[in-house]
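Just so you know, all these numbers are worked out from the coordinates, no wet-lab data involved. Fair warning: this is a prediction, and the values are worked out from it, not measured in the lab. Heads up, the Cβs are rebuilt from the backbone with ideal geometry, glycines too, and the neighbour counts pull from every protein chain shown.
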Amino acid sequence: MEQFLQQVVNGISLGSIYALIALGYTMVYGIINLINFAHGDVYMIGAYIGFAAITYAKLGFFPALVITMILCAILGVVIERVAYKPLRNSTRIAVLITAIGVSLLLEYVMMFFVGAEVRSYPKVLSGEVFHLVGVVINIQQIYIVVTAIALMILLQFIVHKTKIGKAMRAVSVDQDAAQLMGIKVDSTISYTFAIGSAFAGAAGVLVGIYYNSIDPLMGIMPGLKAFIAAVFGGIGSIPGAMIGGLSIGIMETLVSGYGNSMYRDAAVFAFLIIILILKPTGLLGKNTREKV
Amino acid sequence: MKALTKKNLLILGAILLTFTVVQGLISVGIINKFYEITIAMICINIILAVSLNLVTGFTGQFSLGHAGFMSIGAYFGAVINLQMESTGGFLLGIFAGALAATLVGILIGIPTLRLKGDYLAIATLGMAEIIRVVFLNLDITNGAAGLSGIPRYTNWLWLCFFTVATVLLINNFIKSSYGRACISIREDEIAAESMGINTTKYKVMAFAIGAFFAGIAGALHSSYFYFIRPDIFGFLKSIDILIIVVLGGMGSITGSILAAILLAVLTTYLQAFTAVRMIIYALLLVVIMIFRPQGIMGTKEISDLFKSKKKDERIG
Amino acid sequence: MKKILVLLFTLVCVVGLVTGCGGGAANENENDNGDVAATEVKIGINYELTGNVASYGESSVKGIMMAFDEINAAGGIDGMKIVPIKVDNKSDPAEATSLATRLMTQEDVVACLGPATSGNYMATIPVAMGNEIPIISASATADEGVTVDKKGNVNEYVFRLCYNDTFQGVTMANFAANNLSAKNAVIIQDKSSDYAEGLAKNFISTFEGTGGTIVVQEGYVAKDKDFNAILTKIKGEEFDVIFLPGYYQEAGLVIKQARDLGITAPVLGADGFDSPVLLELAGADALNDVYFSNHYSSLDKDPKVQDFIAAYTEKYGVEPNAFNALGYDLGNYIADAIKRAGSTDPIAVKDALAGTENFVGVTGSFSMGADHNPVKSIVVIGLKDGVQSTSVKVGPK
């Protein structure tokens, strides 16, 4: 039982990380239907910006986090303006290839400048460990879970209670109609990228601190897993991304803990395929009826 | 319909000529071993891209799992070839690999092809990852260490044969009533269905044929490059193939061929820029997509270009 | 418009081909001139500079370049300057094959160094045998299919500077059984690496031979960061020792997370542990009761070792890891062989490589064995608070 509880704790902390990345993913996907492969790499860049801010500028945790979020937001907007905007009216697959190009570009530019070697993160948060009814919990795990939930609530608030959020929802339903209603589609999309990328950057810093290890290719797998989490929870749905991330984290942990750790990723994918077949729009996704 | 029309004879002649010229240049040594590798890379990529184009470009089913089928072909080919070191074993490996890939394609296609768009993409991606994890954990595939010392039976003759066969067969498939059914699914699935087309059947058919040829390409790869291991066939490989298809133009076979050649030449050329090659490659990818999002050929074939010219003249 | 673009693309394509060929031809001419004057010697460096295992390739190349720079600064090999031709195989075996062919047929190198990992190295073996140009890797440790082919014949042009997996796996199993009196072991291995796979296999057979039991065998894949699930699972088992075949990037995190969860059993590993990054990742507190086999120990008083560590730290600003040290030895080893061969003929160099006696390097002195594996001793290093505190030398078989 103790072991099971411990595994659930492990799963929740892992899942929160996927959820953190998936939140930004699902926003961007929700608004322009683009699998933004570069999202995982913005997360990686965020980890490096945080690293630089803490190590070289000697900043504390919160200033570093804020700077990272701002810089990542700018990066996200630049990527959107330069690489995706010219392709607004092209096929989605063309934009997807561009996203892959941007992703490779970010990875290899970073590798060129910082090298391929992993780096350890400076210690800015205490890594204190405490025991709760036989379960070991790291204080950083709590930071991650709390941050993920806080960001989710913040996003929910932005999307449902603010003007810009209303614009985002309108654009995601119908771009042309939104434009006719006087919504600035371009700037709304830019805002979405800014927010999504800022969240990715924050996730990068938190993961860097928690796992204490960053490298230029660190964004590939979590990016993919986060996308799965977003699809799993229902693309475009913010609570869905959270639930998707947590479910995948817990599932991975339980498969590793009670089954064969080597089939962990395979089990996640298999489960995803089953979910998609049973409920093609994901857990909380809205069903849209197709009209001819 | 006569098989020996003037056009077909012309195509046959052109193929034979290309084959003989390249074979001659290889035996004289003008095309040295290094350029031979580039040619092999081009041929394998053409098979992969054309077969993926059938699924993604013509039938409109967005697949990110082509490397999975390739790996099935590669492992079947390698295992059989290591047991039977002969041309017979090589050919047996190719066909066993291709058939196994087809079978898996059908098994996976039936449930997943009900999905659409990005959901299908992520499901096929997941399926390819599952195949990779299975190969990583099997004994016969030697896990992460991979299979080494695979004898090389792939040569220009076989590469040329299989490439030409793939292109011709897929081209004929597309021109057949089956192919037109597939294209109608791409254009509008609901409309196609209401016209009485069994969309599931044609989607699975396209998927299976794509898997078959990807299996062949995989077996050729393992036999040409001596060594395979599971991580070669990761999702980045699927993306590489997709890049060729999109760059060439979705729904253009000649486009895929051109793009495969162009990319191989480009990567060969970039090998000299060790430190920045991947950066240049990524930049080019973004720039090309921004300035030509429909790919080199769009949905046109090279032959269409000549036709439209004639039409223009007539109008003029 | 479209037609113009198509034409443009075709043009680019053709121009690319022509300049590609033209460039190649020009290089060949340069080579001819170079050979006549024999003022330089070209050595191919075919490493993983991008892709999954880029950090190992990058580390190896740093070591190699340091050796070459030193040799060139001291006047080269008998007056000939070493010209390294560095290429990146993207951690992809097919690319490694292609680049090895390029180096051997287009660039006329005397020998090729690398790739760093066994699989990619194996993919270049048929090329070396076909072109009769020697290749050497400092870190391809696979037992089978490297220097000796499947039929048991020695691959004439293939050499390595490291032990094979058997030697390290067996050494660590014996160390666990004899020095730590372990009876039950847990294995957590990098399932995506052939190196870890070989180590685990040999560890298991030897450890079971000493009467020990393998309680659980778990796996992870490279670039994993969260090992809590498998660690929680093994925490519930009874065991004396953890064997952790893999590289420092993951090993550092495994050890840290294990200690956080309260697992205090000794952790054993192999030369993949040897990197200052291990300490950074795991933290000094976690690195107690950690033992790994290595080529040399920084405790070694040998001036050769100490000078290397000092020089490397000065040049690159960080302490060297095993890949750096092996790369450095590799650079010196090939230069030494060319000097002894007295010629830049690849076959003469191959014979000189095979006939190496008592080469003194940072990673130990060795003679090249008949099977093209070096005969050298191994050191088992113990860490206390992250610092090397004990070292036990084990002689060659």
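Take peptide A:205-214, look around each residue's Cβ out to 10 angstrom, count Cβ atoms belonging to other protein chains, and average those counts.
Mean partner-chain Cβ count within 10 Å for A:205-214: 3.
What order, most packed first, do the peptides C:60-66, B:279-285, B:25-31 have when packing is the mean number of other Cβ atoms within 10 Å of each residue?
Order by mean packing, descending: C:60-66, B:279-285, B:25-31.
Round to a whole angstrom and tell me the spacing of the C-alpha centers of segment A:141-206 and segment C:165-210.
51 Å
Taking the dipole about the Cα centre of segment B:135-217, with the C-beta of Lys and Arg at +1 and of Asp and Glu at -1, give me whichever of B:THR154, B:ALA208, B:ASN142 is farthest to the positive side.
B:THR154
Can you give me the distance in nm between label points at C:GLU156 and B:LEU138, each placed 7 Å from the Cα along the Cα-to-Cβ direction?
Taking the simple label geometry, C:GLU156 and B:LEU138 are separated by 3.7 nm.
If I stretch the segment between C:ASP285 and C:THR313 completely, what's the gain in nm (0.36 nm per residue apart, minus their alpha carbon distance), one decimal?
On the way: separation 28, 0.36 × 28 = 10.08 nm, distance 2.42 nm.
Length difference between fully extended and current span is 7.7 nm.
For the protein assembly as shown, taking Cα atoms only, what is the radius of gyration to one decimal and the Dmax to the nearest whole Å?
For the protein assembly as shown, the Cα-based Rg and Dmax read 28.5, 94 Å.
What ranking of B:LEU12, B:LEU220 emerges when the number of other C-beta atoms within 10 Å of each C-beta is taken as an exposure proxy, fewest first?
B:LEU12, B:LEU220
For a Förster distance of 22 Å, can you work out the FRET efficiency between the beta-carbons of B:LYS7 and B:ALA165, rounded to the nearest 0.05?
Here the calculated transfer efficiency is 0.75.
As an exercise, use a Förster radius of 41 Å and the Cβ-Cβ distance of C:GLU237 and B:GLU85 to find the FRET efficiency, rounded to the nearest 0.05.
So, using R0 = 41 Å, E works out to roughly 0.35.
Which of C:CYS162, B:CYS160, A:CYS72 has the fewest other C-beta atoms within 10 Å, and how do the rest follow up to the most?
Ascending number of Cβ neighbours within 10 Å: B:CYS160, C:CYS162, A:CYS72.
What distance in nm separates the two pseudo spin-label positions at A:MET181 and A:PHE113, each 7 Å out from Cα along the beta-carbon direction?
Taking the simple label geometry, A:MET181 and A:PHE113 are separated by 4.0 nm.
Just in segment A:161-203: which trypsin sites (Lys or Arg not before Pro) are loop by DSSP and have at most 14 other Cβ atoms within 10 Å?
Sites meeting the loop and neighbour criteria: A:LYS184.
Could you identify which residue out of A:ILE158, A:ILE277, A:ILE250 has the top mean-square fluctuation in a GNM of chain A using Cα springs shorter than 10 Å?
A:ILE277
Find out how many positive minus negative residues lie around C:GLY212, taking Lys and Arg as positive, Asp and Glu as negative, among other residues whose Cβ is under 9 Å from that of C:GLY212.
-1
Stokes-Einstein diffusion coefficient for chain C at 10 °C in a medium of 1.306 mPa s, Rh from the Kirkwood formula over Cα pairs: what value in µm²/s?
72 µm²/s
Roughly how many nanometres apart are two label points built 7 Å out from the Cα toward the Cβ at C:LYS393 and B:LEU284?
That separation, rounded to one decimal, is 5.3 nm.
Net charge around A:ILE158, counting only other residues with Cβ within less than 14 Å of its Cβ (Lys, Arg = +1; Asp, Glu = -1)?
Charge balance in the 14 Å sphere: +4.
What residue among B:ILE290, B:ILE239, B:ILE122 has the largest mean-square fluctuation in a Gaussian network model of chain B, using Cα springs under 10 Å?
Maximum among the listed residues: B:ILE290.
Please identify the trypsin sites (Lys or Arg not before Pro) of segment C:286-377 that satisfy two criteria: DSSP loop assignment and at most 14 other Cβ atoms within 10 Å. Which are they?
The qualifying sites are C:LYS301.
Treating only the Cβ atoms of Lys and Arg (+1) and Asp and Glu (-1) as charged, compute the dipole magnitude of the protein assembly as shown about its Cα centre; round to the nearest 20 debye. Can you show the working numbers first?
Working: 71 positive and 78 negative charges, 887 e Å.
The calculation lands at about 4260 debye.
If Lys and Arg each add +1 and Asp and Glu each add -1, what is the summed charge of the other residues whose beta carbon sits under 9 Å from the beta carbon of C:PHE359?
Overall, the nearby charge balance is -3.
What is the percent of Cα-Cα separations in chain A that go past 28 Å?
37 percent
Restricting to lysine pairs 8 or more places apart or on different chains, what number in segment C:210-337 have Cα atoms under 25 Å apart?
10
Please compute the volume of the convex hull spanned by the alpha-carbon atoms of segment A:94-196 and report it per residue in Å³.
With only Cα atoms used, segment A:94-196 gives 189 Å³ per residue.
Can you give me the Cα centroid spacing of segment B:103-128 and segment C:246-293 in angstrom?
41 Å
Calculate, in nm to one decimal, what A:ASN89 and A:ALA150 gain on full extension: separation in residues at 0.36 nm each, minus their alpha carbon distance.
Working: separation 61, 0.36 × 61 = 21.96 nm, distance 3.53 nm.
Contour length minus Cα-Cα distance gives 18.4 nm.
Using a 10 Å cut-off on Cβ to Cβ distances, tally the other chain neighbours for every residue of B:264-276 and report the average as a whole number.
5
Using a ≥ b ≥ c from the Cα gyration tensor of chain B (square roots of the eigenvalues), is it rounded, prolate or oblate, where a/c under 1.5 gives rounded and otherwise the larger of a/b and b/c decides, a/b for prolate?
Judged from the Cα gyration tensor, chain B comes out rounded (a/c under 1.5).
Based on the Cβ-Cβ distance of A:ARG81 and C:VAL375, what FRET efficiency does E = 1/(1 + (r/R0)^6) give at R0 = 56 Å, to the nearest 0.05?
The pair A:ARG81/C:VAL375 has a calculated efficiency of 0.35.
Assigning unit charges at the beta carbon (Lys, Arg +1; Asp, Glu -1) and nothing else, what dipole magnitude in debye, to the nearest 20, does segment A:21-219 show about its Cα centre?
Value, rounded to 20: 500 debye.
Quantify how strongly other chains surround peptide C:122-134 by giving the mean number of their Cβ atoms within 10 Å of each of its Cβ atoms.
3
For a quick check, take a GNM of chain A with Cα springs below 10 Å and name the residue from A:LEU87, A:LEU151, A:LEU23 with the largest mean-square fluctuation.
Largest GNM mean-square fluctuation: A:LEU87.
Within chain C, which DSSP H helices have Cα atoms that stretch 15 Å or more along the helix axis and a mean Kyte-Doolittle hydropathy of at least -0.5?
The qualifying helices are C:2-37, C:54-73, C:93-105, C:194-209, C:322-341.
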